Amino acid sequence: MGAPPYGSPPPSRGNNNAVLIGVIAVLSVLLIGGGGYGAYAYLSAPDPAPPPIAQPTTSPSAPPTSAPPSSPPSSPPSSSPPSATPSDTPEPSSTPSSNADAPLEESEFGDWNFSLKGEKYAARKVGGWTYDSCDPVDAEGVMADNNCANAIQLAYTAYGGNLKAVQIILAFPSSSDTKNAAKALKNTADKNVAWRRSSAHRSYSYGKIYTGAYVKHLVITIVTANSSAKSKAAKFHTALQTDRGVYFFMGRRQTERPMTS
């Protein structure tokens, strides 16, 4: 997360780092292991080359529902190598919340900066939307069936625009509701969630959706990348999803992260 700590510092940075690394390791296992706590699925697009992803016809406050394409892309688009730009230098990834159960606000999250054990990733926030309910992102009623309270949607770009990420975060009244929603979305998030496809690439050589339940919050992270950023996309995707999981697992508290090179 890379931001300065909020609140009182832990009594021992070493102990805090060890706990945090342990939490990240556990959440990563849950993410990659699938099941009700975490799962991933490919974004799909027809062969031999993906068509443009459907563009929204509604305002930012109500993302469109669109049918999923059919199979993963097989012909990655050609593009120039990613370049570092000042716009990709992030600010702190999130601001503290005074109440772990407070309604979600997109302003709670800024640019994303992650550094842990030699792994460093950064993304610039390019959009954010706050919803009073989960209806705008609930394409098939899965969230409503599990008592979803409210939601936000975030859009990010990295590596000079060669990688894009859309993140949907949903709040539930209990951890059991969150787990049930995650189970219902396992491998079906592309059709059951109305995410902002205009904030992803029209064509891509990497495209996946990660879904994970973290206490009372469900995090859905979509990442697309063209051929220039494809090699970085999987690790970036896992880090972004897991870092958000740690944030909610820790009660929406920003914690100090060991900075290593």
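The values are calculated or read from the model by the stated rules, or taken from the named source; none is laboratory data. No experiment lies behind these values; they were computed from the predicted model shown. Cβ sites come from the backbone with ideal geometry, for glycine too, and all protein chains shown count toward neighbours. Accessible surface is based on the protein model in full, side chains and every heavy atom, while ligands, DNA and RNA are left aside. Shrake-Rupley method; radii C 1.70, N 1.55, O 1.52, S 1.80 Å.
For Met143, Met250, give the ranking by accessible area with the largest first, probe 1.4 Å. Present the calculation step by step, with values, prior to reporting the outcome.
Values: Met143 0, Met250 40 Å².
If we order Met143, Met250 from most to least accessible, we get Met250, Met143.
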* **Inter-probe distance in nm under a simple model that places probes 7 Å from Cα toward Cβ, at Glu140 and Ser174** => 2.5
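Which sequence of His201, His237 reflects their accessible areas, 1.4 Å probe, from the largest down?
Solvent-accessible surface, decreasing: His201, His237.
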* Structure fact -> Any lysines whose Cα falls less than 17 Å from that of Lys230, other than same-chain ones fewer than 8 residues away, would be Lys120, Lys164, Lys208
* When a/c is below 1.5 the answer is rounded, else prolate if a/b is larger than b/c, else oblate, so apply that to the stretch 104-261 with a ≥ b ≥ c taken from the square roots of the Cα gyration tensor eigenvalues. => oblate
* Which cross-chain or sequence-distant (5 or more) residues have an amide H under 5 Å from the amide H of Phe109, H modelled 1.01 Å from N in plane? -> Thr95
* Heavy atoms only, probe 1.4 angstrom, no DNA, RNA or ligands counted: give me Lys117, Lys186, Lys125 ranked by accessible area, highest first. => Lys117, Lys186, Lys125
* Structure fact -> A correct Karplus calculation of ³J(HN,Hα) over the stretch 143-158, with 6.51 cos²θ - 1.76 cosθ + 1.60, θ = phi - 60°, whole Hz and x for Gly and Pro, returns 5, 4, 5, 10, 6, 4, 8, 7, 8, 9, 9, 10, 10, 10, 9, 8
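In debye, nearest 20: dipole of the stretch 142-222 around its Cα centre with unit charges on the Cβ of K, R (+) and D, E (-)? Can you show the working numbers first?
Numbers: 10 positive and 3 negative charges, 44 e Å.
Dipole of the stretch 142-222, to the nearest 20 debye: 220 debye.
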